[in-house]
Each structure stands twice: as C-alpha cells, then as structure tokens.
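Some notes on the structure that comes next.
The values are calculated or read from the model by the stated rules, or taken from the named source; none is laboratory data. Not measured: the values here are computed from a predicted model. We place every Cβ from the backbone using ideal geometry, glycine too, and count neighbours over all the protein chains shown.
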Amino acid sequence: MTTANRWRGRAGVLGGYAMALALLFGVAPLVLTDFRLRLLAQFLCVAMVAVGIGLAWGSGGMLTLGQGLFFGLGAYIMAIYLQLSDAGPGGRPAFMVTGSGVPWWWELFRSPVAAVLGIVAVPGLLALLLGLGVFRRRVKGAYFAILSQASAAAFALLLISQRSTIGGSNGLSSFRSFFGFALRDPVNRRMLYFIAAGVLVAMVAIVHQLRRSRYGELLTAVRDGEERVRFLGYDPALVKVLAYGVAAVFAAIGGALFVPIVGIISPNNVGVVPSIGFLIGVALGGRATLLGPVLGSLAVSYAGSTLSENFESVWIYLQGLLFILVVAFLPAGVGSLPGVIRRWASARSGPRGPDTAQVPEGPPMVDDPGPAAGAAVVRTGGV
C-alpha cells in the first residue's frame, strides 16, 4: 500500500468518525424529542452488544447465541447499585419485605467504584472461564452456539427463581438516581444519551484497532483455519478467549447503561429471545464489517419498537424469518446486496460465445504462489 493510499484510508476513517459524532451529538439531540432521544439511547445500548458480537462472530467465527448472559450480569450489577444508592447508607430496597438486611453479595456493589469494576470484571472473568473450558476442548460451530444459548437460558431461570433477593420475574425497577443525578431530570436523561453515544463510538474505535492489529489478523486466521494456526505454534483457544471476553465486557457495559435509561431490568431482557435478537441485527448489517453490526442493530431495534406496538405477536416470527433469510441468502449482510445484484446481472447478461470461452489455466508458474486474495496472513513474529 502506497503512502497516498494509506493517508486516503485514514482520512476516510476519520471522516466516518466525524460524521458519526456529528449525527449522534449534533443532529439527533436537535431533531428528536426527549422521548425519541431516550428510545435512541436504548437502541445504542443494544448496539454495544452488537459491536462485540461483530468481533467474536465476524472476525473469530464464534456464533455467540448467549450474550444475554453478559448483558444481564452488567445490568443487574448496575441495578443492585442503584437500588442500594436510593436506599441510602445501610438501607435496603423496598421490595425486600423479608429478612433483616440485604444479601452479602449485594453489599459487594454498594460502593460506586466496586459497582463499576464489577460490571467489567465479573462478566470478563466468567467469559474467561467459559472460554477456556470450551475452546480448550475444541468445541466450536453449532455446539458452541448451543452451549452459549443454554447459558443465557439458565441465567434467566436462575433470576426468576430468586424472587426474594433479585425480584424474580418482576426484575428490578423504580430507580431514582444515577451516581447522584436525579433520573427524573430531563437534563440528566440527555446526559445518559450522550454517555451511551460516546461509549458506543469508543467501542467501535476499539474494535477497529483490534481488527487492524496483528491480533486481528491472527483472529481471522483462526476463523479460517484453526488447525493451521495451531501448527504455526499459536494457541487458538487463547486467541478466541480474548475476543469472547471483549464481547462479554461490551455486552455488560451495554446492559449497565440500559438500566438507568429504560428504568427496569428483568429476566425477559436477558433470556434466549433477546440473545437471538442481538444476533439478528449483526447478521442483517454484516458481521464481518465494522459499522454493519451497529447499523443492523439500530434498524432491528427501530423496527421492533415500531412494529411491536401494533403487531407484537407478528414481530417475533418476523425476526426469525429475517434471520433465516439473511443467513441463507445474504451471509455477508445487507451491505453485500449491491455486489450480489451485480454478480446476478453479469450472470444473466447472456451466454458466452465461442470466441469468449475461457481457456483452462495451466499449472502455476511457481511452486508456492502465496496466499489467495483476501486470505488472512499470519506473521510469526508474535501477536
């Protein structure tokens, strides 16, 4: 790549970030009402989960069907802190009508610093343990997808069974403040939107840097040929665990911001159905692209919010149909549709005549022509 092309590519990336910042921080607050802006902030939290799935699934080939587990962990840790903060020093939430105090594991998150650290550390450590246990045994493909989905289902059932300590199926709600700021104040609600927008842009930038780094090349190589990477002396399990952990932390942060923005968290937000919903947006936008997961997630969230108001039962089936159609006919997402149309048009342009028939290619000029175009190149100098 020449210097001019390199600078042109950097200018394009910086221009894209500038446009995103202008839309999120300039246009949206001016043209949207407070209700619509709050709804957009909710969609941005879901898009944070999609960014992590795009890294794990798009670059690493890990079909993560259980991100609701990590989304729920971050959300419930934030909800526990907000409940304790509203109750005051030594207080207890109003829904705890039995017992004399709060559970010991609630006390771990009474401090705001401990709550923020827990939102990042607990899902990250859990992803590390699950990832090492699964990837060390070379579990992948549909088996990994089933295991991850089962973990989200088990977590939702666990939450439902803990009515006295975590609210059961009703979840946790009625939050009054967010780190000392009143949630009823419209100014503070706008502040939450700006926080969500800034965090989402930062996540996209992190994933962009990871994909451009040597680690990103290695992750793509693991996706395309895990045994070849192992033959080169790398441990594919560690490579996949890092991407899985980043996706888990992104989902947890999205869930933590979801709680004060929406005002409630329940098992309905962390089970199998929400986990599949996270994945549909990524598949629709294009899992292997940088902005595809974000745009696809926002589109699915908007469609779900609009259609479910009038056709609640139909939207669930439409989600499943949309996922099947995209995976079957547009595996690279809607962003690949123009290329598919061009290839279809060229194939329909007419049969080749005898003068334009292709001549079979001879043997290669060299023994090793190098990697094919678009294939991941693994440099052995380290990750």
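Restricting attention to segment 74-102 and to residues that are assigned to a loop (DSSP other than H, G, I, E, B) and touching a strand residue (DSSP E or B) at 6+ places or on another chain (Cβ under 9 Å), the residue that is modelled with the highest pLDDT turns out to be Pro93.
When we screen Gly9, Gly26, Gly15 for residues that are part of a helix (DSSP H, G or I) and modelled with pLDDT under 70, the only hit is Gly9.
Looking only at residues that are modelled with pLDDT of 75 or more and among the polar types (S, T, N, Q) in segment 298-313, which one is farthest from Ile276 (Cα to Cα)? So, considering only residues that are modelled with pLDDT of 75 or more and among the polar types (S, T, N, Q), the one farthest from Ile276 (Cα to Cα) is Thr306.
Does Leu172 satisfy being of a type in the set (A, V, I, L, M), within 21 Å of Val294 (Cα to Cα) and in contact with a strand residue (DSSP E or B) (Cβ under 9 Å, 6 or more places away or on another chain)? Spelling it out, it is not the case that Leu172 is of a type in the set (A, V, I, L, M), within 21 Å of Val294 (Cα to Cα) and in contact with a strand residue (DSSP E or B) (Cβ under 9 Å, 6 or more places away or on another chain). Residues considered: Val262, Val239, Val246. Of these, the only one that is of a type outside the set (Asp, Glu), under 23 Å from Pro123 (Cβ atoms), surrounded by 20 or more Cβ atoms within 10 Å (Cβ to Cβ) and at pLDDT below 95 is Val239. Please verify whether segment 292-308 includes one or more residues that are in a helix (DSSP H, G or I), in contact with a strand residue (DSSP E or B) (Cβ under 6 Å, 6 or more places away or on another chain) and either in contact (Cβ under 8 Å) with a residue 12 or more places away in the chain or closer than 15 Å to Cys45 by Cβ (or both). Scanning segment 292-308, I find no residue that is in a helix (DSSP H, G or I), in contact with a strand residue (DSSP E or B) (Cβ under 6 Å, 6 or more places away or on another chain) and either in contact (Cβ under 8 Å) with a residue 12 or more places away in the chain or closer than 15 Å to Cys45 by Cβ (or both), so the answer is no. In segment 78-94, the qualifying residues are those that are farther than 21 Å from Gly254 by Cα and of a type in the set (A, V, I, L, M), and the one that is surrounded by the fewest Cβ atoms within 10 Å (Cβ to Cβ) is Ala94. Within the option set Ala127, Ala115, being among the aliphatic types (A, V, I, L, M), within 30 Å of Leu147 (Cα to Cα) and over 19 Å from the mean Cα position of the chain (by Cα) holds for one residue only, Ala115. For segment 22-42, taking the residues that are charged (D, E, K, R) and in contact (Cβ under 8 Å) with a residue 40 or more places away in the chain, the one that is surrounded by the most Cβ atoms within 10 Å (Cβ to Cβ) is identified as Arg38.
Please determine, by comparing only the residues of segment 65-105 that are small (Gly, Ala, Ser) and under 28 Å from Val246 (Cα atoms), which one is farthest from the chain's Cα centre (by Cα). Here the answer is Ala79. If a residue must be hydrophobic (A, V, I, L, M, F, W, C) and not in a helix (DSSP H, G or I), how many such residues does segment 29-59 contain? Residues that pass the stated criteria total 1. Residues that are closer than 30 Å to Leu37 by Cα and of a type in the set (Ser, Thr, Tyr) within segment 185-242 comprise just one, Tyr193. Of all residue pairs spaced 6 or more apart or on separate chains, those with beta-carbon atoms under 7 Å, a first member in segment 152-173 that is within 16 Å of Pro274 (Cα to Cα) and a second member that is hydrophobic (A, V, I, L, M, F, W, C) and part of a helix (DSSP H, G or I) are Ala152/Leu69; Ala152/Val272; Ala153/Val272; Phe155/Leu69; Leu159/Ile166; Ser169/Ile160. Is one or more of the residues making up segment 128-139 part of a helix (DSSP H, G or I), small (Gly, Ala, Ser) and either exposed (fewer than 14 other Cβ atoms within 10 Å of the Cβ) or in contact (Cβ under 8 Å) with a residue 24 or more places away in the chain (or both)? The answer is yes; a qualifying residue exists. Among helices (runs of 4 or more DSSP H) entirely within segment 181-289, having at least 2 residues that are out of contact with any strand residue (DSSP E or B) (no Cβ under 8 Å at 6 or more places or on another chain) and closer than 19 Å to Arg136 by Cβ singles out 214-224, 226-231, 236-262. When the criteria are applied in full, Gly61 fails the requirement of being over 12 Å from Phe250 (Cα atoms) and either in contact with a Ser or Thr (Cβ under 7 Å, 6 or more places away or on another chain) or among the β-branched types (Val, Ile, Thr) (or both).
Here's the yes/no breakdown for (1) buried (at least 24 other Cβ atoms within 10 Å of the Cβ); (2) touching a residue at least 12 places away in the same chain (Cβ under 8 Å):
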| position | (1), (2) |
| --- | --- |
| Leu44 | yes, yes |
| Ala50 | yes, yes |
| Gly101 | no, no |
| Arg110 | no, yes |
| Ala115 | no, yes |
| Leu125 | no, no |
